[in-house]
1. I'd like to know if segment 38-45 contains one or more residues that are loosely packed, with under 14 Cβ neighbours inside 10 Å, farther than 17 Å from Val122 by Cα and not basic (Lys, Arg).
2. Being free of Cβ contacts under 8 Å to residues at least 60 places away in the same chain and open to solvent by less than 60 Å² (accessible area, probe 1.4 Å) is the filter here, so list the residues in segment 46-62 that pass it.
3. Pull out all pairs, ordered by first then second residue, where Cβ-Cβ is under 7 Å, the residues are six or more apart or on different chains, the first lies in segment 9-33 and is farther than 18 Å from Tyr95 by Cα, and the second is open to solvent by 20 Å² or more (accessible area, probe 1.4 Å) and of a type in the set (Ser, Thr, Tyr).
4. Which of the residues that make up segment 22-37 are open to solvent by 30 Å² or more (accessible area, probe 1.4 Å) and either out of contact with any strand residue (DSSP E or B) (no Cβ under 6 Å at 6 or more places or on another chain) or within 17 Å of Leu86 (Cα to Cα) (or both)?
5. Tell me which residues, restricted to segment 70-124, are open to solvent by less than 30 Å² (accessible area, probe 1.4 Å), among the β-branched types (Val, Ile, Thr) and out of contact with any Cys (no Cβ under 8 Å at 6 or more places or on another chain).
6. Looking at Gly15, is it part of a loop (DSSP other than H, G, I, E, B) and under 19 Å from Ile104 (Cβ atoms)?
7. Go through the residues of segment 102-110 one by one and say whether even a single one is assigned to a strand (DSSP E or B) and of a type outside the set (Asp, Glu).
Amino acid sequence: QVQLVESGGGLVQAGGSLRLSCLASGRTFSRNAMGWFRQAPGKEREIVAEISYHGANRYYADSVKGRFTISRDNAKNTVLLQMNSLEADDTAVYYCAASTNWGISQNEHEYLYWGQGTRVAVSS
């Protein structure tokens, strides 16, 4: 059974940092692009960051560029999202997802496997 399990969410003050982790089990995703998405209350889900299968290519939404960093450790089947300088607008449920492709595309429809999400709340 394929599972993506996120952890690391929580409540933090504006300006603080959190590091989200996504652990994959059931199969390896070393040949798949991975992504982090988020959904804020009352809003549609949006892409936050993507990383290609080898880690060489990355994409960041404009709203998080310069503050968030996505990385992966294929040996540990893990994807991380380091979030710094958090803002109130970053409050959302954050989801890890695995793409069916090896490269990044900003296309949510290419993401087949999803975690249950971890909640991030930033107080201003």
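1. Among the residues of segment 38-45, at least one is loosely packed, with under 14 Cβ neighbours inside 10 Å, farther than 17 Å from Val122 by Cα and not basic (Lys, Arg), which makes the answer yes.
2. Correct list: Val48, Ala49, Glu50, Ile51, Ser52, Gly55, Tyr60, Ala61.
3. Gln13/Ser123; Ala14/Ser123; Ala14/Ser124; Gly15/Ser85; Ser30/Tyr53; Arg31/Tyr53
4. Arg27, Thr28, Ser30, Arg31 - these are the residues of segment 22-37 that are open to solvent by 30 Å² or more (accessible area, probe 1.4 Å) and either out of contact with any strand residue (DSSP E or B) (no Cβ under 6 Å at 6 or more places or on another chain) or within 17 Å of Leu86 (Cα to Cα) (or both).
5. Those that are open to solvent by less than 30 Å² (accessible area, probe 1.4 Å), among the β-branched types (Val, Ile, Thr) and out of contact with any Cys (no Cβ under 8 Å at 6 or more places or on another chain): Ile70, Val93, Thr118, Val120, Val122.
6. no
7. First pass over segment 102-110, keeping only residues assigned to a strand (DSSP E or B): none.
So far as segment 102-110 goes, no, none of its residues is assigned to a strand (DSSP E or B) and of a type outside the set (Asp, Glu).
The values are calculated or read from the model by the stated rules, or taken from the named source; none is laboratory data. Everything numeric in this text was worked out from a predicted model, so none of it was measured. Neighbour counts are summed over all protein chains in view; Cβ atoms, including those assigned to glycine, are modelled from backbone coordinates with ideal geometry. SASA here: full protein model, heavy atoms, side chains in, ligands and nucleic acids out. Shrake-Rupley method; radii C 1.70, N 1.55, O 1.52, S 1.80 Å.
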